[in-house]
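Colleague: My structure is below; once you've seen it, I'll send some questions.
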Amino acid sequence: MSARFAQVAISVADKEVSLAFYRDLFGLEPVGGTHFSGKATEQVQGMAGASSNCSWLIDDRSYFQFEIFQFDYPLARAYSSNRQPQDIGYSRLIFSVPALAPVAARAGVKIVELHGHLTAFLRDTDGIAIQIIEADVLQARLTGVALSVPDLEAARCSFVDGCGCAPLSAPAPDWGEVWGETGADKDMMLLDGGTITLELSQYRTPVSRGWPDEYRIADHGILNIALGFASARAIRSQLGIMQVAGIKSNAPLATAPGLFALTYSQDRQGFSIETIYISKLAAGAFGFRKANLFDRTLMAIMKAASWLRSDDHKGRQMDNLKHAIITGAGSGLGHGIAERLLKRGVKVSVLDLGVPADRAVTLDAAAKTGKVEWQLHKTDVRKLDSVKAAIAAYGPTELAVNFADVGALTTFADMEDTEFYRVMDINVIGSYHFARAVMPHLRKGGRLALTASMAGITSNYGYTSYGTSKFAVGGLATTLRYEYEPLGIGVTAICPPEVITPMVHEEKMTGNPIGLEIKRLAGSLQPDYACDKILAGLIAGKRVIIPGFKAKATAFAAQRMPGLFDWAIKIMVRKVMKNTAHCSLAL
């Protein structure tokens with residue numbers, strides 16, 4: 001097979017800024033984008049918790065795109081802004097333009113003549129190196145990618161033997177002078193990849209730095225290049241050839257019959273290579289041509305599916321997390337989040353009425369693992385002065401999370417007034433006290449998180465006090481987000497469904513049977529799973545975190561199909577009423 005690359009992908013800090021940069025400088029056409037997350041994405045990209053949004057740009061060629069990723073998770077690092085052309089990795093994008101002068105004028109860069117061509121060099125908003133060459137093309141095109149490799153022969157094996165690229169007989173031109181490189185000693189090879197050429201360089205001097213420690217493809221820079229295929233069968237055949245050449249797939253093909261097939265692979269020197277098939281039917285939905293009505297419909301379905309797999313809207317990512325303040329960390333979700341943060345080397349300050357001895361032991365062990373400390377301040381969130389004093393003693397923080405709450409599953413008719421006031425006092429007034437006390441101590445770039453629960457999105461039969469309180473907490477989180485995000489402070493609403501915690505065990509023993517039945521809609525989560533998803537969402541800067549597919553589907557139905565959702569709830573209520581004698585009201 002002769003190689004034909006269908007895509008070049010980059011990872012950036014802000015995809016909207018990058019999209020505007022490449023659109024305005026080169027006239028590339030934006031054709032939509034999508035969200036990637038879930039188990040298949042994690043496996044294909046080889047990163048646990050991988051979650052990203054991407055945008056696509058096209059030029060005048062069919063079945064070729066420029067893909068711009070912005071990762072919510074894992075946290076992307078500014079790799080490209082620190083790298084030099086000789087450092088190992090994908091090192092440079094090469095664009096061809098019909099007239100260089102107007103492009104160079106827009107970019108504010110100098111034109112030089114080298115090897116009989118007019119050319120220029122610049123870096124994009126993330127520091128990704130770009131070379132522009134005046135050439136015989138109808139419009140601006142992305143026509144090449146440069147790689148700095150540890151071993152040229154190993155790279156030849158990967159891209160010629162494995163990927164099917166053809167070596168070009170003409171010597172690879174050395175463009176180093178364009179970016180001020182003089183006296184370099186290197187071997188080079190130029191390969192034909194169909195739509196793009198690959199420029200391979202092995203440097204002896206200047207000395208190349210290797211891949212950064214713990215490098216991930218999410219880090220800002222050129223992410224990978226993608227070989228295009230006419231069918232999933234053709235990809236499978238090529239993957240066998242690639243494996244012989246030492247290129248190993250991260251995961252089996254992710255496929256949707258008749259629509260797409262793809263996976264990521266990595267060669268022996270650490271270069272990520274995607275293999276992708278997109279059918280003609282799905283080409284518009286995947287950004288390989290301008291979308292028509294069918295494409296937009298398919299794209300909407302794909303986005304809805306991605307929304308159900310994800311943890312909702314993203315905000316500002318959390319960087320340099322060193323200190324977290326957590327209420328309710330003596331048990332349940334608060335304890336699980338505190339334990340995970342300590343293991344990651346984050347100092348944790350706990351506000352709670354107390355921490356049981358066995359839970360204190362696990363926090364001690366986690367702190368030892370992360371080589372940090374945790375501390376407890378016995379605090380009742382209903383007392384503002386107590387909360388203020390505790391937080392003031394702990395000092396500045398990057399993350400503040402309120403898990404202190406109580407539940408109740410009692411109907412309006414059965415509920416005592418004191419229960420309503422107690423739940424509102426802890427859940428709502430406690431959240432207000434925590435936010436009031438901690439906001440002055442949150443560093444810029446920090447985050448406040450309040451637990452609104454699934455009950456803050458759609459209440460439940462018997463949730464007179466709890467549902468009311470959680471809607472109020474959700475409203476508080478939304479209001480604070482509007483007020484503080486412009487100031488650099490993020491605000492998150494944590495909205496888990498039922499999590500198997502001590503509070504839930506108690507509720508199952510005493511709660512209203514109709515409410516217990518309806519709660520099954522959103523599913524139940526094990527604490528470890530819920531904590532992992534919540535922590536990933538907090539670090540990624542999610543504005544709303546809804547862990548669990550069934551919970552996401554329930555929230556989706558309640559918010560986007562309220563009539564149908566209410567009808568389904570009424571049916572469930574009537575059904576359970578017929579089978580139980582524990583109802584206080586007739587429907």
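Colleague: Assuming a ≥ b ≥ c are the square roots of the Cα gyration tensor eigenvalues, decide whether the stretch 161-238 counts as rounded (a/c under 1.5), prolate (otherwise, with a/b larger than b/c) or oblate.
Modeller: Cα axes put the stretch 161-238 in the oblate bin.
Colleague: Take the alpha carbon gyration tensor of the chain, find the square roots of its eigenvalues, order them as a ≥ b ≥ c, and report rounded if a/c is under 1.5; if not, report prolate when a/b exceeds b/c, else oblate.
Modeller: Because a/c hits 1.5 or more and a/b exceeds b/c, the chain counts as prolate.
Colleague: Given Cα pairs under 8 Å that are at least 6 residues apart, what percent is the relative contact order of the chain?
Modeller: Dividing the mean separation by the residue count of the chain yields 12 percent.
Colleague: Let me ask you something else. To test your reading of the geometry: what angle, between 0 and 90 degrees and rounded to tens, separates the Cα axis of helix 232-244 from the longest principal axis of the chain?
Modeller: Its long axis makes an angle of about 70 degrees.
Colleague: Oh, and also: Please rank Asp124, Asp174, Asp528, Asp352, fewest neighbouring Cβ atoms within 10 Å first, as an exposure proxy.
Modeller: Asp528, Asp174, Asp124, Asp352
Colleague: Going by average Cβ neighbours within 10 Å, how do the peptides 211-217, 328-334 rank, with the highest at the top?
Modeller: 328-334, 211-217
Colleague: Apply the a/c threshold of 1.5 to the C-alpha gyration tensor of the stretch 76-165 and tell me whether it is rounded, prolate or oblate.
Modeller: It comes out oblate by the Cα gyration axes.
Colleague: Counting residues in the stretch 323-578 as N, plug N into 2.2 N^0.38 Å and put the Cα Rg over that result.
Modeller: Taking N as the residue count of the stretch 323-578, the ratio is 0.99.
Colleague: Helix 293-309 versus the longest principal axis of the chain: what angle, 0 to 90°, nearest 10, using Cα atoms?
Modeller: So the helix axis and the longest Cα principal axis differ by about 50 degrees.
Colleague: Contour minus end-to-end for Ile500 and Tyr215, with contour as 0.36 nm per residue of separation and end-to-end as the Cα-Cα distance?
Modeller: My answer for the length gained is 99.0 nm.
Colleague: Answer with one residue from Thr255, His335, Met572: the one whose Cα lies farthest towards the positive end of the charge dipole of the chain, charges on Cβ with Lys, Arg +1 and Asp, Glu -1.
Modeller: It is Met572.
Colleague: In percent, how large is the relative contact order of the stretch 323-578, given Cα pairs closer than 8 Å and 6 or more residues apart?
Modeller: 17
Colleague: Kindly express, to the nearest 10 degrees and within the range 0 to 90, the angle between helix 15-26's C-alpha long axis and the longest C-alpha principal axis of the chain.
Modeller: The helix 15-26 is inclined about 20 degrees to the chain.
Colleague: So what is the 222 nm mean residue ellipticity for the chain from helices alone, if each DSSP H run of at least 4 adds -39500 (n - 2.57) and you divide by all residues, rounding to the nearest 500 deg cm²/dmol?
Modeller: Roughly -10000 deg cm²/dmol at 222 nm, from the helical runs in the chain.
Colleague: If we sort 94-102, 517-525 on the protection proxy, mean other Cβ atoms within 10 Å, highest first, what's the order?
Modeller: 517-525, 94-102
Since every read-out is calculated from the coordinates, none of them should be taken as a lab result. No experiment lies behind these values; they were computed from the predicted model shown. Virtual Cβ from ideal backbone geometry, glycine too; neighbours counted across all protein chains shown.
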